[in-house]
Amino acid sequence: MRLAAAFFVLALIFLVPFLIWGDWFERMFTGDALQQWLASQGLAWGWLMAVLLLVADLALPLPDTAVMSGLGYVYGTLAGGAIAAAGSFLSGALAYGLCRRFGERMATRFMGAEAFANGQRLFRGDRGGFIVALSRCLPLLPEIIACMAGLTKMPPGRFFSSLACGCVPMGFLYAWIGAAGRDAPGLAIGLSIVIPSILYGAALLIMRKYR
C-alpha cells in the first residue's frame, strides 16, 4: 500500500506544473510554432535547444513528443530520431541518477522497510525493465517510473538497457512523423509500446545468456 502511495505522491509532484502551466506550454511548443522555433535556432544549435527541452520535461510540462516531431522536421528522420532518443534517454537517466543518489533515505522513511523491499523486488526483476521501457511513450509516467527505479535502486545495467529500449523507438518514430509531415499519434504510441516490448524481451535473453 505504501509503495502505491509513493507512486501517487510522485504523480502529484509532476502533475502540479502541468495543471499550472500545461495550457501555456501546449500553445507555445506545439505544431508549426515549435518547428519554426527550432529551425530558427540554426542547424548548429537547434538540436541542443531540443535536448534541453526534453531534459527540462522532468520539471516542466513540455510536450516532448512535439519536440521529437520538430526534430524530425528540422533534421530528418535519422538525425532527428537520434537526437530525440538521446534527449529522452538523458532525461530518464537524470531522474534515475538523482533519485538513486539522494532519495533512498526519504523513500525508506516514507514507504517503510517492507514497501521499499517490495519496490526493489519489482524494479530489480524482469517486470521492472518492461515497466521502464513501456512507460516512455506515455504522459507523466516516464518521469515517475524513472524516479521510482532510482529510489528502489534498480540495477543500472537493467535500467539503462530498458530505458534505451523505450527511448530509441519512440525518438525515431516521432521524428519520422515530423519529417513526413504526418499526424499519427495513435500509430506512434502503438508502435512505441510494441517495439520496446520486443527489444527489451531480446535484451533479457542476451543478458541471461551472458550472466
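The values are calculated or read from the model by the stated rules, or taken from the named source; none is laboratory data. Since this is a predicted model, take the numbers as computed values, not measurements. When we count neighbours, we look across all protein chains shown, and the Cβ atoms used for this are built from the backbone with ideal geometry, even at glycine. Only protein heavy atoms, including side chains, enter the accessible area calculation; ligands, DNA and RNA are left aside. Shrake-Rupley method; radii C 1.70, N 1.55, O 1.52, S 1.80 Å.
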Is it fair to say ILE206 is within 17 Å of SER91 (Cα to Cα), in a helix (DSSP H, G or I) and either more than 18 Å from the chain's Cα centre (by Cα) or at pLDDT 75 or above (or both)?
no
I need the full set of residues from region 132-171 which are open to solvent by 20 Å² or more (accessible area, probe 1.4 Å) and more than 23 Å from LEU187 (Cβ to Cβ), in order please.
LYS153, PRO155, PRO156, GLY157, ARG158, PHE160, SER161
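Yes or no, residue by residue, for (1) at pLDDT below 70; (2) open to solvent by less than 30 Å² (accessible area, probe 1.4 Å); (3) within 28 Å of ILE83 (Cβ to Cβ):
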| residue | (1), (2), (3) |
| --- | --- |
| ALA4 | yes, no, no |
| ALA11 | yes, yes, no |
| PRO17 | yes, yes, yes |
| TRP21 | yes, no, yes |
| GLY31 | yes, no, yes |
| LEU34 | no, yes, yes |
| GLN41 | no, no, yes |
| VAL51 | no, yes, yes |
| ALA56 | no, no, yes |
Given the conditions (1) open to solvent by less than 50 Å² (accessible area, probe 1.4 Å); (2) modelled with pLDDT under 75, every one holds for SER91 apart from (2)
Can GLY178 be described as open to solvent by less than 60 Å² (accessible area, probe 1.4 Å), more than 20 Å from ALA82 (Cα to Cα) and touching a residue at least 24 places away in the same chain (Cβ under 8 Å)?
no
Would you mind stating whether ARG27 is open to solvent by 30 Å² or more (accessible area, probe 1.4 Å), at pLDDT 75 or above and basic (Lys, Arg)?
no
Listed by first then second residue, the pairs whose first member lies in region 41-56 and is within 10 Å of SER91 (Cβ to Cβ) and assigned to a helix (DSSP H, G or I), whose partner is at pLDDT below 90 and open to solvent by 30 Å² or more (accessible area, probe 1.4 Å), with beta carbons under 9 Å and at least 6 positions apart or on separate chains, are LEU53/PHE29; LEU53/LEU60; LEU53/ASP64; LEU54/ASP64
For region 143-164, state whether one or more residues are within 25 Å of ARG101 (Cα to Cα) and basic (Lys, Arg).
yes
Considering only residues of region 99-118 that are open to solvent by 90 Å² or more (accessible area, probe 1.4 Å) and under 28 Å from VAL55 (Cβ atoms), which is modelled with the lowest pLDDT?
PHE110
